[in-house]
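Okay, structure first, notes after.
The values are calculated or read from the model by the stated rules, or taken from the named source; none is laboratory data. Fair warning: this is a prediction, and the values are worked out from it, not measured in the lab. Neighbour counts are summed over all protein chains in view; Cβ atoms, including those assigned to glycine, are modelled from backbone coordinates with ideal geometry.
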Amino acid sequence: MTATIISNLPVFVVITPLFVAFILSTFARRIRLVESLVITVLALGVLGAGYLASLVLMRNGIPIIYSMGGWPAPWGIELVAGSLSAFFLLLVAGVSLPVALFTVDNMTHEVGGSVRTTRFYVLYLLLAGTLAGMAVTNDLFNVFVLVEVATLSCCGLVSACKHPRAAEASFNYLILATLGSALILGGIGFLYIITGHLNMGFASMELSRIWQDYPHVVWIAAGFLLVGFGVKSALFPLHVWLPDAHSTAPSPASAILSGLAVKGYMICLIKVLYNLFGSTLIQKFALHRILALLGMVAIIAGSLFALAQDELKRRLAFSTVAQVGYVFLGLGQVNAQGLTGTLFHIASHAVIKSGLFLAAGAIIAATGKTRISEMVGIGRKMPITMAAFTIGSLGMVGIPLFSGFIGKWHLLSGSLTAGSTLAPLVIVIGSVLAAAYLFPIIRTAYFEPAQAIDGQDPGVPQRIALILLAAGVVILGVAPGPFLELAGRAAVELLALK
Amino acid sequence: MKILLDKLIINYPYFAAVILFLIGAFTVLTRSNLFKKLIGINIMESAIFLMFIAAGNIRGGAVPILRQSNPEALYINPVPSALMLTGIVVSVSVTAFALALIIRLYQSYGTTDARRIAEMKREVT
């Protein structure tokens, strides 16, 4: 019995949210039922992901492999739950549950009507399911399908508000994201043409044997995949869709989009780069230098753009662009320290940014103010919300004892090991800039003389969500234990492939 | 030169795919009409589909249905065709969703021109 559960766990965590997503719309008129179903499914997801992570830790790096339909690997689709998968699954489950908790009783005024709210939840569960799928998939074409489903649900979430600006942002996002997925599909096509495999393990074996015969095709495939995933995960010059999309979406949607959706594409990129090309080919084709350079540019440019914004959600959206830079910078350090830092930074940014967006959403919902300069004295009116926001900001800047610090510390030591002089400097400057764009918000909220501003903390489920995410920031910073362990092992496994 | 030309003639579906892809990408990035952008996306995706299908094709190959009478016959590779079936479904759903968004944009702005919409948005804020 237990063996059956264990061997089927990788597929269950993916199909359960997808399945429930499609039956949700039958209960569209009974919003209470829909909400409790969503929460139940995501809570089950947390349990499943936690169990899977503990299993993976116990099995010492031997992944759990599931062959779809009973067809073994080179022919069938393979789901592999290794350290990287367990790590990302745990993150997806752990962030999507509090964000869903925040939406309880809270969505109808922002989205309008119980039918529209149900649609929001359908898209939400679809996104959660596909992100879980990205964590476990080991098949190139499966990656493409998951990426497309995730993109469509993201665009749907952005346009969940009736506001015309949301429709415009969603359309721009859709066009650029589809351009990205066409590039990804093209890259996958080139790899399939020269290797003849869609399974990443087999394709990688073939590629390491034949890449010298087709250096140009490998170049083109790598370029297509890099630009494609770069558009999807908002790497700096390709980020143009992100600020509009993430700032016009309903706040819980912004939280999940900025926190998790962008990370899903990064995990796919990590898998394609390190599981398929392998670290040797990455260095042969100097991909790591390109990644690191793009990352550094993104950190500086994203932070500077964030400084210039007065609208709270736009500032947070540009901050995501900057934090994406750290991930790419870490991907460019081909060593265990740097990769551990990247993975941990993915986790810590997911928790922090979703908390910040939820806090911003609570403030905007309570006061109707969207600009930072108008949020004078809000800290005294909404103590819990602002406390969560402050903890998130401290984590983002990378103060010790908060989660951002550990990721940045590993990135820093990774880039020093790689012998780069510019990267450590950029990491530190990025932190200073993060303080420069986040701390003024806190100062305005707490220390400027209060005006007649209305507002109070949101309802109980919302408070629980904010407290959970703020606690996550502190726990990841004080006792990262199993999480850091999983990230470290995933990094070693990624580098093990030559 | 002759070798290059020979390669071009033998691999003509790939060159057609590249040209189609460039036409599509150019349309998406330079046109401001939302419908034309969407058509560009569709052309681009068709180019990728063409590339896949051409990769699976074997000249003179039969339909990949295994027959008892001649199990030795040359078959085309069915995997890319099956993949592109999925790809076409994805592309259709993207098109449908984008059209729905265009309808909503037309209802609120009264135009399907991206530049006009951006101007109107700037006037409001």
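Assorted remarks:
- Here A:A135 passes the criteria (1) touching a Ser or Thr at 6+ places or on another chain (Cβ under 8 Å); (2) free of Cβ contacts under 8 Å to residues at least 40 places away in the same chain; (3) assigned to a helix (DSSP H, G or I) except the one numbered (2).
- Output for the range A:254-312, where each listed residue is closer than 24 Å to A:T195 by Cβ and polar (S, T, N, Q): A:N275, A:S279, A:T280, A:Q283
- Which numbered condition A:A166 fails, given (1) hydrophobic (A, V, I, L, M, F, W, C); (2) without any contact (Cβ under 8 Å) to a residue 40 or more places away in the chain; (3) surrounded by fewer than 24 Cβ atoms within 10 Å (Cβ to Cβ): (2)
- Flag for A:L358 being more than 18 Å from A:A255 (Cα to Cα) and either of a type in the set (S, T, N, Q) or assigned by TED's automatic domain parsing to the domain that holds A:A434 (or both): no
- Within the range A:192-210, considering residues that are in a helix (DSSP H, G or I) and within 11 Å of chain B (Cβ to nearest Cβ), the one nearest to the chain's Cα centre (by Cα): A:Y192
- Test: A:I363 is closer than 27 Å to A:V111 by Cβ and crowded, with 21+ Cβ neighbours inside 10 Å: yes
- Yes/no for A:L433 being at pLDDT 90 or above, farther than 22 Å from A:S96 by Cβ and either of a type in the set (S, T, Y) or surrounded by 14 or more Cβ atoms within 10 Å (Cβ to Cβ) (or both): yes
- Selection count, the range B:56-87, where residues are hydroxyl-bearing (S, T, Y), more than 14 Å from every other protein chain (Cβ to nearest Cβ) and closer than 22 Å to B:Y12 by Cα: 1
- In the range A:276-299, the residues that are surrounded by fewer than 16 Cβ atoms within 10 Å (Cβ to Cβ) reach residues that are charged (D, E, K, R) with C-beta atoms within less than 6 angstrom, at least six apart or across chains, in these pairs: A:T280/A:K498.
- Cross-chain or 6+ apart pairs with Cβ under 9 Å, the range A:44-69 first and within 16 Å of A:A132 (Cβ to Cβ), then among the acidic types (D, E): A:P63/A:E493; A:Y66/A:E78; A:M68/A:E78; A:M68/A:D139
- Among the residues making up the range B:25-55, a single one is within 9 Å of chain A (Cβ to nearest Cβ) and either surrounded by fewer than 17 Cβ atoms within 10 Å (Cβ to Cβ) or on the phi > 0 side of the Ramachandran plot (or both): B:L29.
- Among the residues of the range B:10-24, those identified as crowded, with 16+ Cβ neighbours inside 10 Å, at pLDDT 90 or above and either out of contact with any Ser or Thr (no Cβ under 7 Å at 6 or more places or on another chain) or among the hydroxyl-bearing types (S, T, Y) (or both) are B:A17, B:F21, B:G24.
- Positions within the range A:331-352 being closer than 24 Å to A:I256 by Cβ and either among the aliphatic types (A, V, I, L, M) or at pLDDT below 90 (or both), in sequence order: A:L331, A:L343, A:I346, A:A347, A:A350, A:V351, A:I352
- Helices (runs of 4 or more DSSP H) within the range B:1-101 that include 3 or more residues charged (D, E, K, R): B:2-10, B:34-56
Rundown of residues vs (1) touching a Ser or Thr at 6+ places or on another chain (Cβ under 9 Å); (2) hydroxyl-bearing (S, T, Y); (3) within 18 Å of A:G338 (Cα to Cα), yes/no style:
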position: A:I406; (1), (2), (3): yes, no, yes
position: A:A418; (1), (2), (3): no, no, yes
position: A:L425; (1), (2), (3): no, no, yes
position: A:R443; (1), (2), (3): no, no, no
position: A:Y446; (1), (2), (3): yes, yes, no
position: A:P458; (1), (2), (3): yes, no, no
position: A:A465; (1), (2), (3): yes, no, no
position: A:L468; (1), (2), (3): no, no, no
position: A:A471; (1), (2), (3): no, no, no
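- Where helices (runs of 4 or more DSSP H) fall entirely within the range A:1-118, those with at least 1 residues that are surrounded by fewer than 16 Cβ atoms within 10 Å (Cβ to Cβ) and not β-branched (V, I, T) are at A:2-24, A:31-58, A:108-111.
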